[in-house]
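Note sheet for the following structure.
The values are calculated or read from the model by the stated rules, or taken from the named source; none is laboratory data. It should be emphasised that the depicted structure is a prediction, and the values quoted were computed from it without experimental measurement. Note: ideal-geometry Cβ built from the backbone for every residue, glycine included; neighbour counts use all protein chains shown.
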Amino acid sequence: MPVNTSAYFQSAGSAPDARRSVELDIAGEDFLLQGHFSDWESGLAFGPDLDQVRVRLAIDATSTPGGAGDRPSLFAFHGRKVESQGEGRYRAVGTFSGPRGAKAMEMTLESPLGHTALIVVTFSAKKQDFGEGWHDLIANVVPFGEPGPDNEDGPVRSAHAWLVTPPIAAA
């Protein structure tokens with residue numbers, strides 16, 4: 001059965017205040033996530049080729065806006081092959097759709113253990129895969145922690161990603 005992998009893309013210039021959403025449609029082994037999500041923060045790692053980037057998005061799964069079809073999309077991902085890797089980590093294989101078209105892609109999904117709305121997706125892409133959305137992607141970059149000895153529970157979104165930094169006055 002053919003699957004519609006198209007996503008709605010428009011220039012950010014046509015809706016200056018609209019934030020590009022991320023469209024996810026992922027279902028598989030004990031994992032289901034579907035919707036347009038507008039609250040996300042990005043972490044990027046560049047390789048030797050500055051056009052190749054490792055993207056890590058922290059997504060608030062409760063941030064599905066009303067009227068999502070009228071908002072621009074950063075990208076869409078559709079996947080039905082999901083494998084558990086244990087401790088809240090999953091590998092999803094599917095189709096990434098962006099302004100330049102659709103292509104096969106693999107993503108790592110992380111959901112911290114317990115009840116949380118935070119989902120972290122990690123994947124490799126090229127800067128051109130995002131078209132004009134690249135500027136939105138780099139404008140929302142914030143650091144967030146990786147699982148490790150000091151953080152065994154999974155990905156953690158840094159506090160400053162949730163808070164607005166107060167202005168500081170010099171004396």
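Quickly run through the stretch 114-134 and pick out the residues that are of a type outside the set (V, I, T) and without any contact (Cβ under 8 Å) to a residue 60 or more places away in the chain.
If the condition is that a residue be of a type outside the set (V, I, T) and without any contact (Cβ under 8 Å) to a residue 60 or more places away in the chain, then G114, H115, A117, D129, F130, W134 are the ones that fit.
Which residues, counting only those in the stretch 85-114, are modelled with pLDDT of 95 or more and loosely packed, with under 13 Cβ neighbours inside 10 Å?
A104, the sole residue that qualifies.
Is the stretch 93-113 home to any residue that is of a type in the set (D, E), outside any strand (DSSP E or B) and in contact (Cβ under 8 Å) with a residue 40 or more places away in the chain?
No.
So, in the stretch 5-64, how many residues would count as being small (G, A, S), touching a Ser or Thr at 6+ places or on another chain (Cβ under 8 Å), at pLDDT 85 or above and closer than 17 Å to F96 by Cα?
The number of residues fulfilling the criteria is 2.
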